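Notes follow once the structure below has been shown.
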Amino acid sequence: LLGWATFLLSAIAYILTTEPSASFWDCGEFILSSYKIEVGHPPGAPLFMMLANFFTQFSFGNVENVALMVNIMSSLAAAATIMFLFWTITHISRRMVCGRSEEPSLGKTIAIMGAGFVGAMAYAFTDTFWFSAVEAEVYALSSLMTAVVVWAILKWEEAADKKGNERWLIFIAYMMGLSIGVHILNL
């Protein structure tokens, strides 16, 4: 639940500060390309364009809101990144504090959750990440895909000795493949 709270807090902050229109650099190109289903500059970002086009549909024909909708997509992707970062930090913290099998005490649970919350919120409000979160750029969605892959790696490591653990490896490979359609950062 605290992970979802990090999503909600960061989503509210990002959406309230989202650019209402196009900002500098590539944002205008990404907004236009996604709205018209065109190809942006090389190497392209086809998955980003398709998802952004989906968000442009929420402008309901009012072209003045198209940029805002694509910017909100970045805000939601950034907020989801923060949520997965929280889950990653708490996973690693729990492993450090409790080892593989020990159940954490109440005090340890509070420390683990506190570490995750503080770490995720500290990253959520860094200057560079915030700028990526409020404008139509590929970086927020790329960060989300990277965060999901890192989280899935930890989930696979936890289940590596169990039957059916291969599904995590397939999911990781699938997410990395999808991420190439946004930005090659994940590789």
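The values are calculated or read from the model by the stated rules, or taken from the named source; none is laboratory data. Computed from a prediction, not measured in an experiment: that's the story for all the values here. FYI the Cβ positions are ideal-geometry reconstructions off the backbone, even for glycines, and counts take in every protein chain you see. Accessible surface is based on the protein model in full, side chains and every heavy atom, while ligands, DNA and RNA are left aside. Shrake-Rupley method; radii C 1.70, N 1.55, O 1.52, S 1.80 Å.
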Restricting attention to the range 148-187, which trypsin sites (Lys or Arg not before Pro) occupy a DSSP loop and are surrounded by at most 10 other Cβ atoms within 10 Å? K162, K163
How much accessible area per residue does the chain have, in Å², with a 1.4 Å probe? 55
List the GluC sites (Glu not before Pro) within the range 88-149 that DSSP assigns to loop and that have no more than 13 neighbouring Cβ atoms inside 10 Å. E102
D (Stokes-Einstein, µm²/s), Kirkwood Cα radius, the chain, 1.567 mPa s at 4 °C: 74
If you fit an axis through the alpha-carbon atoms of helix 166-179 and take the longest principal axis of the Cα set of the chain, what angle between them do you get, 0 to 90°, nearest 10? 30
Can you give the direction-averaged projected area of the convex hull of the alpha-carbon atoms in the range 92-157, in nm²? 5.1
Rank P104, P46, P20 by mean-square fluctuation in a GNM of the chain with C-alpha springs under 10 angstrom and give only the top-ranked residue. P104
For the range 27-165, with +1 on Lys and Arg beta carbons and -1 on Asp and Glu, the positive-most of G164, A79, I112 along the dipole: G164
The answer for the per residue Cα convex hull volume of the range 12-96, in Å³, is 122
